[in-house]
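Just below is one structure, and these are the notes that go with it.
Throughout, read-outs are computed from the coordinates displayed, never taken from laboratory work. Since we're looking at a predicted model, the values are computed, not measured. Here the Cβ is made from the backbone with ideal geometry for all residues, glycine too, and neighbour counts use every protein chain on show.
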Amino acid sequence: MQPAAREDGWHSEPFEPVVRDNRMYARGAADDKGQVFFHALGVRAHLATTGRSAPAVHLKLLIEGEEESGSPHFRTLVERHADRLAADVVIVSDTGMWSEDTPTVCTGMRGLAECEIRLHGPDQDIHSGSFGGAVPNPATAVARLVAALHDEHARVAIPGFYDGVVELTDRERELFAELPFDEREWLRAAFSHATAGEAGYSTLERVWARPTAEVNGIGGGYQGPGSKTIIPSSAMVKLSFRLVAGQDPDHIEKAVRDWVAGQIPDGVRYEIAFSPATRPCLTPLDHPALKSVARAMGRAFGTPVRFTREGGSGPAADLQDVLGVPVLFLGISVPSDGWHAPDEKVELDLLLKGAEASAHLWDDLAEHWQRVP
Ligand SMILES: [Zn+2]
C-alpha cells in the first residue's frame, strides 16, 4: 500500500474523499480508484447510448487490489485463471495523459525492482577516538556504494544493467519532442529545482524510456541533536530501479547482487533483500488496437490524441506475458493530480471524459475486432 496521513500535509482526511472546485481529493482519487470507476461509468454509458443489453465486445473486468504493494500475487492469479481471462486485448487504466488540453494515449510503462541493503561493521557503536581510522565504517561504505551507483554521465554503473534495453525509435523521439513540454511547469509539478539525468536524453525520454537507479532512503549512525563521536555499527540504503522494455527483473537482481558484493569492504557484513519486481511493457505505435484506443479518446475529447509513455510501474506486463496479448493504456489522470502526494486529486470533468472514451472504445473495438453475435 501507499500510506497517507493528514500530517503529511493533507487538507482533508486522505481516505475520506472530498469534492472541492470540481475535483475529488483522496488518496487513490487518481491513482487508481477513480480510473477504475470511470470504466464502470463507461460501460453504463455504452449500454445506455447503444440500447444494447450487453457490451458490443466481450468484456472481462479485473480489478487488481495489490498494485501499490508490488502485486505479489497478481501473476500467479493471472496464470491460474488464464483460460477465464483469455482476451484479444487488455485495457489498463493505471496511467495518465499529458494534460487537460493535450489528451494522450500511453504506449508502455516502466518496470520496477527494489531492494534494501543493510551493512554491519563493529558489533556495536564504538568510540571514534579509540578506534576511528583503524576499522571499516559501515556508514562510509554505504555512502561509497551510493556514490558508485552512477557514472559521470548519470548512467547506471552496474555491469549488465542495460542488457537488452529496447532503445527509442527515431519516430517516437520525434513524437515526444512535439509534445508541448514546458520544463519550468514540469519542474513545478516535480517540486524540484533543476532537471538532471542520463546524458544524451531529453527529460521526457529519461522518465519514459530509460531505466534508472534511485536512492529511496539512506541512514546509519547517530542522527540526534549535537554530536556523538562514534563509528556506527550499521547503516542501510533502500534502492529502486525503474526498468524499460527488454530488461528482465531477474537479470537486474543478479546484476545488482554481483555489483554490491564487489563494493563492500572487508570487515563489513551485509544483507540484501529484494521485493517482488514488476516487469516493464510496451505496445508498438502501429498496433491496430492502439489505434482504437486513440480514436475513442479522440472522440471523447474532440481532438486527435498524441502518444506518451508512463514512467511508473504496474502489473500490466504480467498480462502481456501470460495472456500473450497487447496491453493498452487508457487513463485520464493529469500530472497535477499528485499521485501518492498530499492532496492527491482527480478532475471530475476528466473522469467523465474517461467514461466517454471507455464507452466509445467498446464500439470501436467491435467494429475493428470481433463483434459479439
Ligand atoms: Zn500508485
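Using just its DSSP H runs of length 4 or more, each adding -39500 (n - 2.57), the chain gives a mean residue ellipticity at 222 nm of -9500 deg cm²/dmol after division by all residues. Quick check for you: which residues of region 1-44 have the amide N under 14 Å from the point 7 Å beyond the Cα of S275 toward its beta carbon? Hits in region 1-44 for S275 at 14 Å: 1-4. For region 118-135, 3J(HN,Hα) computed residue by residue from phi via the Karplus equation (6.51, -1.76, 1.60; θ = phi - 60°) reads 10, 10, 10, x, x, 5, 8, 4, 10, 5, 7, x, 5, 10, x, x, 10, 9 Hz, glycine and proline entered as x. When T49, T283 are sorted by how many other C-beta atoms sit within 10 angstrom of their C-beta, beginning with the fewest, the order is T49, T283.
Looking at the chain only, what percent of DSSP beta bridges run antiparallel? Nearest 5 please. Write out the running numbers ahead of the final one.
Numbers: 36 of 44 bridges.
Once the DSSP bridges in the chain are tallied, antiparallel ones form about 80 percent.
Taken about its Cα centre, region 214-373 carries a charge dipole of roughly 220 debye when the Cβ of each Lys and Arg holds +1 and the Cβ of each Asp and Glu holds -1.
Report the calculated FRET efficiency for E100 and V166 (r = Cβ-Cβ distance, R0 = 30 Å), to the nearest 0.05.
0.50
When only Cα pairs below 8 angstrom with a gap of at least 6 residues are kept, the chain shows a relative contact order of 37 percent. Ordered by the count of other Cβ atoms within 10 Å of each Cβ, fewest first, I231, I264 give I264, I231.
Under a model in which nothing but the beta-carbon of Lys, Arg (+1) and Asp, Glu (-1) is charged, region 145-302 shows a dipole of about 560 debye around its Cα centre.
Rounded to the nearest 10 degrees, the angle from helix 249-263 to the longest Cα principal axis of the chain is 10 degrees. In loop segments of region 169-253 as defined by DSSP, the chymotrypsin sites (Phe, Trp or Tyr not before Pro) with at most 14 further C-beta atoms inside 10 Å of their C-beta are F181, F191, Y222.
For the chain, the longest piece that avoids every one of the GluC sites (Glu not before Pro) found in DSSP loops with at most 16 other C-beta atoms within 10 Å covers 199-373. Against the chain, whose longest principal axis comes from its Cα atoms, helix 348-368 is set at around 60 degrees.
If you average the alpha carbon positions of region 1-57 and of region 302-342, how far apart do those two centres end up, in angstrom? That distance is 16 Å. Structural descriptor for region 193-288: relative contact order 24 percent, calculated from alpha carbon pairs under 8 angstrom and at least 6 residues apart.
Sort K353, K345, K291 so the one with the fewest other Cβ atoms within 10 Å of its own Cβ comes first.
Ranking K353, K345, K291 by Cβ neighbours within 10 Å, fewest first, gives K291, K353, K345.
Provide the net charge surrounding A289, with neighbours chosen by a C-beta distance below 13 Å and charges set as Lys +1, Arg +1, Asp -1, Glu -1.
Working: positive: K291, R295; negative: D88, D286, D364, E367.
Residues close to A289 contribute a combined charge of -2.
Relative contact order of region 246-369: what whole-number percent is it, with Cα pairs under 8 angstrom and at least 6 residues apart? Computed over region 246-369, the figure is 28 percent.
How much length, in nm to one decimal, is gained on full extension between E66 and H127, taken as 0.36 nm per residue of separation minus their Cα-Cα distance? Could you put the intermediate results ahead of the total?
Working: separation 61, 0.36 × 61 = 21.96 nm, distance 4.55 nm.
Net length gain for the segment: 17.4 nm.
Shown here for region 1-99: trypsin sites (Lys or Arg not before Pro) in loop regions (DSSP other than H, G, I, E, B) with at most 16 other Cβ atoms within 10 Å, namely R52, K60.
What full-extension length gain, to one decimal in nm, is calculated for R173 and Y222 as 0.36 nm per residue of separation minus the Cα-Cα distance? Walk me through the numbers before you get to the answer.
Numbers: separation 49, 0.36 × 49 = 17.64 nm, distance 4.71 nm.
Fully extending the segment from R173 to Y222 adds 12.9 nm.
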